[in-house]
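Below is one structure, written out as structure tokens; comments come after it.
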Amino acid sequence: MVDEQATHVEQIMHTKLNEPILVTFLPRTLGHGGFTSIGIYVSYLDENYAGGVPAMVIHHEMVHDVDRVLGGDYRPSLLVEGLAVYASGGHYKLEPITQQTAALVEAGLYIRCKP
């Protein structure tokens, strides 16, 4: 399952992973159930009270790791998180990203960037 997520991240990020990504499963929850530092750390519990889908959590965190390697030092955290959510189809679970974005635009709750 982890290898499948790595292959998909390579495809959507148009890159090739040159080194394995260390994935550590934790028997407790830290943050929202996963985080990326030097490697990926994913909560894996008997009871999944946060509702995250393990494959999506790993995919989301892999996007963060690949983005870190490709991206440089000055990436706004909003875009870093947005990329991982968009590339994974939601934040740890499938979500209607397009509809949510359309609702934000319709409500005027978005950041307008000037060229």
Fraction of accessible area attributable to carbon and sulfur, the chain (%, probe 1.4 Å): 59
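What whole-number value in Å² describes the accessible area per residue of the chain for a 1.4 Å probe?
On a per-residue basis, 71 Å².
Please give the peptides 66-76, 36-46, 83-93 ranked by average Cβ packing (other Cβ atoms within 10 Å per residue), highest first, as a rough proxy for protection.
Values: 66-76: 12.5, 36-46: 15.5, 83-93: 18.7.
Ranking the peptides 66-76, 36-46, 83-93 by packing returns 83-93, 36-46, 66-76.
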Segment 1-86, relative contact order [Cα under 8 Å, separation at least 6], %: 27
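Which of rounded, prolate or oblate describes segment 64-105 when judged by the alpha-carbon gyration tensor and an a/c cut-off of 1.5? Provide the component values of the computation, followed by the final result.
Details: a/c = 3.63, a/b = 1.78, b/c = 2.03.
Since a/c reaches 1.5 but b/c is at least a/b, the shape of segment 64-105 is classed as oblate.
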Full-stretch length increase - residue 95, residue 37 - with 0.36 nm per residue and alpha-carbon distance subtracted: 18.4 nm
Label point distance in nm, residue 15-residue 28, each placed 7 Å from Cα along Cα→Cβ: 3.1
Normalised convex hull volume, segment 1-66, alpha-carbon set, Å³ per residue: 77
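With viscosity set to 0.692 mPa s and temperature to 37 °C, compute the Stokes-Einstein D of segment 36-92, Rh being the Kirkwood radius across alpha carbon pairs; µm²/s, no decimals. Numbers along the way, then the final one.
Values: Rh = 11.9 Å.
Here the translational diffusion coefficient equals 275 µm²/s.
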Along principal axes, Cα extents of the chain, largest first, whole Å: 41, 34, 23
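The values are calculated or read from the model by the stated rules, or taken from the named source; none is laboratory data. Not measured: the values here are computed from a predicted model. Note that we place each Cβ from the backbone using ideal geometry, even for glycine, and neighbour counts take in every protein chain shown. The protein model used for the area step is the full one, side chains on, heavy atoms only, and it has no ligands, DNA or RNA in it. Shrake-Rupley method; radii C 1.70, N 1.55, O 1.52, S 1.80 Å.
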